[in-house]
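K.L.:
Sharing a structure below in structure tokens format, with a few things to ask.
No value in this document is a laboratory result; all are computed from the given coordinates. Please read these numbers as outputs of a predicted model, since none were measured by experiment. Virtual Cβ from ideal backbone geometry, glycine too; neighbours counted across all protein chains shown.
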Amino acid sequence: MTDQPSVAQLALFPETLLPPKTLVKPPSLHTYWRHPLDLPACVSESLTILRCLDLFGPLDWDGVPERNLQRNWGQPTLPYTALIAAELIKLNESLPSTQKLRRFLGEHLGFIWLLGFPLVPAPNQPLGFNALDLADAATPQPPVPPAAQCPAPILAGRQRAPHPD
């Protein structure tokens with residue numbers, strides 16, 4: 001054998017078609033809470049969304065570990081932070097079911113953008129994305145609480161203390 005490589009390395013794809021090597025993490029709810037002037041009109045004009053942002057914004061959203069959002073599971077991969085925030089909205093708004101949560105998110109479309117659900121551009125829609133499809137993605141079918149999709153260590157801090165008798 002020789003010391004020289006016998007096979008030349010060929011680039012199969014141009015660099016522009018390859019995914020980015022380092023993923024840029026989108027701003028968290030805490031960042032949006034601290035910088036409300038950066039919010040789009042669909043969020044800043046809704047008093048319900050701003051009220052929830054004031055409630056959830058102070059939480060440490062940057063400390064929540066995230067799953068691999070680039071993996072193809074056959075459907076859009078939803079961030080843990082979006083699922084946790086949707087569950088907190090469900091609790092805060094006293095929504096008894098996941099179907100009610102879906103309807104609530106459909107009525108307040110700014111939540112879909114704010115919580116970080118993956119957006120598919122739709123230029124023919126007023127907000128620039130198809131909100132009904134995202135409301136479906138935000139609520140898993142069959143109705144499973146979003147918290148059930150998160151690993152146990154993430155949810156360990158949200159368990160209730162035993163009720164004193």
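K.L.:
Below 13 angstrom from the Cβ of Glu107, what's the summed charge of the other residues (Lys, Arg +1; Asp, Glu -1)? Don't jump to the answer; show the numbers that get you there.
P.N.:
Numbers: positive: Lys100, Arg102, Arg103; negative: Glu93.
Its environment carries a net charge of +2.
K.L.:
Taking amide hydrogens as modeled 1.01 Å from N in the peptide plane, which residues meet the under 5 Å criterion relative to Phe129, leaving out close sequence neighbours?
P.N.:
Sorted by chain and number, the residues that satisfy this are Ala122.
K.L.:
Can you tell me how much longer the chain between Ser94 and Asp38 gets when fully stretched, taken as 0.36 nm per residue apart minus their C-alpha distance, in nm with one decimal? Let's see the in-between values first.
P.N.:
Working: separation 56, 0.36 × 56 = 20.16 nm, distance 2.88 nm.
Stretched out fully, the Ser94 to Asp38 stretch lengthens by 17.3 nm.
K.L.:
So, one more: Using R₀ = 22 Å, calculate the FRET efficiency as 1/(1 + (r/R₀)^6) where r is the Cβ-Cβ separation of Glu66 and Leu119; round to 0.05. Provide the component values of the computation, followed by the final result.
P.N.:
On the way: r = 17 Å, r/R0 = 0.77.
Calculated transfer efficiency: 0.85.
K.L.:
Further question on the same structure: Go through the range 26-34 residue by residue and turn each phi into a ³J(HN,Hα) via Karplus (6.51, -1.76, 1.60, θ = phi - 60°); whole Hz please, and just put x for glycine and proline.
P.N.:
x, x, 8, 4, 5, 5, 5, 5, 6
K.L.:
What shape does the range 21-107 have by the C-alpha gyration tensor, where a ≥ b ≥ c are the square roots of the eigenvalues, rounded means a/c under 1.5, and otherwise prolate means a/b greater than b/c and oblate the rest? Mind dumping the intermediate values first?
P.N.:
Working: a/c = 1.75, a/b = 1.16, b/c = 1.51.
Verdict is oblate for the range 21-107.
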